[in-house]
1. Of the residues Thr182, Thr229, which single one is in contact with a Ser or Thr (Cβ under 9 Å, 6 or more places away or on another chain) and modelled with pLDDT under 90?
2. Can you name the condition, by its number, that Ser196 falls short on among (1) polar (S, T, N, Q); (2) touching a Gly at 6+ places or on another chain (Cβ under 9 Å); (3) not in a helix (DSSP H, G or I)?
3. Within the range 41-70, count every residue that is under 19 Å from Ala81 (Cα atoms) and surrounded by 16 or more Cβ atoms within 10 Å (Cβ to Cβ).
4. Any residue that is of a type in the set (Val, Ile, Thr) and within 15 Å of the chain's Cα centre (by Cα) - is there at least one of those in the range 122-136?
5. Examine the range 42-55 for a residue that is closer than 17 Å to Leu109 by Cβ and in a helix (DSSP H, G or I), and state whether such a residue exists.
6. Does at least one position in the range 98-121 carry a residue that is touching an Asp or Glu at 6+ places or on another chain (Cβ under 7 Å), within 26 Å of Ala142 (Cβ to Cβ) and at pLDDT 90 or above?
7. For the range 152-161, state whether one or more residues are without any contact (Cβ under 8 Å) to a residue 40 or more places away in the chain, over 28 Å from Val40 (Cα atoms), touching a helix residue (DSSP H, G or I) at 6+ places or on another chain (Cβ under 6 Å) and surrounded by 14 or more Cβ atoms within 10 Å (Cβ to Cβ).
Amino acid sequence: MDSDVPGPICVVIDDREESSGLLEEVAARWAPTYVARLDVGDVRIGDRVVVERKTIVDLVTSLRDGRFWKQLGVLARTCEAPLLVIEGTDAVPAAALHPAALRGILLTLALGLRVPILRTLDVRETTAFLVHAAHLETRRAAKYGTRSEPPRSAARLSLDILGAIPGIGADRARRLLRRFGTARAALDADAKDLLSVDGIGPELARRLSRLDQPAPTSAPPAKSDAPPTPPPPSP
């Protein structure tokens, strides 16, 4: 074999993923696969690709406790080829996340952070995607080497995040950043503070302030004192 031709790239899986079965699945299909504590993401594929893997339950939990935007923000800012994998067949619980908020989150990830999103059925399907990505990165490294693009600055990333939210755009995003400093602070602000920003009306303020909020709980139908309507007589 020519010593100038690189071998397969390394896949590194975070040690906190061991209980999920992902390590065993990937190691059985790709070598070399290693386990280590990663600072960013759950899986690193070569020098470029970093994957954040979330089950449906973890997705909802991380949105509630604030980990989600921090994790994905760091992923987008520091990794050349970030990827979010949402794993599982369960639907996002309606009581946990408003449908409009979920749409806003997914659009912000794809358009603002420029993080592609994959939905997989289970660990085996996630593994199939990861192994396929490892093959592609191996071929890319053999052809182009390991040239990397410079990471985006935190300010640029915040501008991209806010600008991707439907109805915000670049101009309003800049005003929000001048007022709040970061995208995270703007998303955490209440509607009253958001209304102080030029160009942010009540509807946009509600849209921004509910991005991480659960869906409203539906009230049970009111009881009626009227007697039930009898069925029509049989012909």
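The values are calculated or read from the model by the stated rules, or taken from the named source; none is laboratory data. This structure is a prediction, so every number in the text was calculated from the model and none was measured. Heads up, the Cβs are rebuilt from the backbone with ideal geometry, glycines too, and the neighbour counts pull from every protein chain shown.
1. Answer to the check: Thr182.
2. Answer for Ser196: the failing condition is (2).
3. Residues meeting the conditions: 16.
4. Checked the range 122-136: no residue is of a type in the set (Val, Ile, Thr) and within 15 Å of the chain's Cα centre (by Cα).
5. no
6. No: zero hits.
7. No.
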